[in-house]
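Novice: Okay, handing you the structure first.
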Ligand code: SF4
Ligand code: ZN
Ligand code: ZN
């Protein structure tokens, strides 16, 4: 993080107070108040630049309990009147011991403090298995399994509950690492192309998806959440893992950014401009549950045919529609 050491007594570029942070790409030293203002303006600018809330009235924020999603909850709550949106939070309790227990409590408290409705979905209640139990049963990499479940459940919840857009806390560093990795291994297609600031809805199949932190560095989010004391989960998910290619790409980006401040922003904007709006992927509805698929059976139904002996998509949709499995 680019915190300015207090012993240097660097003045804020906008007022007479001492600076607490340096923003290299903007050549600014900022005090706490001006940094908070600067950060929020940039997020609002991203929302405006990519029109991520076009036509949206009801916004569902996917909350993991981490600093990224809780930061976006904080900013959107502060500006919800300006943005003219109604907010709600949704959290999937994965059943990963202390990590999930803590995450759930933090999300509930954050939503309560923000006056935002909060939906907590228990994976165990929905599928009869926690994430660790599903990993054990399928031998699949935990994060790919987790991603599949979250995508299906949050998208289905948004459609069933009438939300126009699902907001996630993906930030610029992670998005660029994903994109560059796919290019490096010659697989730039499918899901990765959807890692844009905004992905359009497809009637009856996909709610729109918005990533307001698309042009925000991870260190900026950390600084903002620390300066404002935004509570988030301190322990990492025990499954957290970064493969060797992603680790090297992240290190390379960090080195370039040090020498060319703002490099990542330029790259992120270029990706957003050059990615085709229309995906070449054919999307049809799953013959079991009616949710999106490329082959006629969606990923969730395929998975549960193996783990449960029959496709669970229809019962998950039904449970979400009736809000039967919600903890709060
Ligand atoms: Fe899910 Fe992986 Fe994140 Fe854990 S680290 S919450 S398994 S995506
Ligand atoms: Zn200042
Ligand atoms: Zn299905």
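Every number in this text was worked out from the coordinates using simple rules, so none of it is lab data. Because the structure is a prediction, the values reported are computed rather than measured. When we count neighbours, we look across all protein chains shown, and the Cβ atoms used for this are built from the backbone with ideal geometry, even at glycine.
Novice: If I fit a long axis through the Cα atoms of helix 142-161 and take the longest principal axis of the Cα atoms of the chain, what angle between them do I get, 0 to 90°, rounded to 10?
Specialist: On a 0 to 90 degree scale, this one is about 80.
Novice: Same structure, new question: Ranked from highest to lowest mean number of other Cβ atoms within 10 Å per residue, what is the order of the peptides 202-208, 128-134?
Specialist: Working: 202-208: 15.9, 128-134: 17.9.
Output ranking for 202-208, 128-134: 128-134, 202-208.
Novice: Okay, next question. Over the chain, with a Gaussian network built from C-alpha contacts below 10 Å, which listed residue (312, 291, 252) shows the highest mean-square fluctuation?
Specialist: 252
Novice: Related question: Would you mind checking the tilt of helix 97-114 against the longest principal axis of the Cα atoms of the chain, expressed as 0 to 90 degrees and rounded to 10?
Specialist: In the chain, helix 97-114 runs at an angle near 70 degrees to the longest axis.
Novice: Taking the chain as a Gaussian network, where each spring joins two C-alpha atoms under 10 Å apart, which residue of 264, 136, 218 fluctuates the most?
Specialist: Ranking 264, 136, 218 by mean-square fluctuation puts 136 first.
Novice: I'd like the orientation of helix 32-49 relative to the chain: the angle between its Cα long axis and the longest Cα principal axis, in ° from 0 to 90, rounded to 10.
Specialist: 50
Novice: Next question. Let me have the relative contact order for the chain, percent, based on Cα pairs under 8 Å that are six or more residues apart.
Specialist: Values: 501 pairs, mean separation 63.8, N = 328.
Contact order relative to length: 19 percent.
Novice: With an 8 Å cut-off on Cα pairs and a minimum separation of 6 or more residues, tell me the relative contact order of region 167-274 in percent.
Specialist: 35 percent.
Novice: Using a Förster distance of 22 Å, how high is the FRET efficiency between residue 269 and residue 117, based on the Cβ-Cβ distance and rounded to 0.05? Don't jump to the answer; show the numbers that get you there.
Specialist: Numbers: r = 34 Å, r/R0 = 1.53.
Efficiency, from the Cβ-Cβ distance: 0.05.
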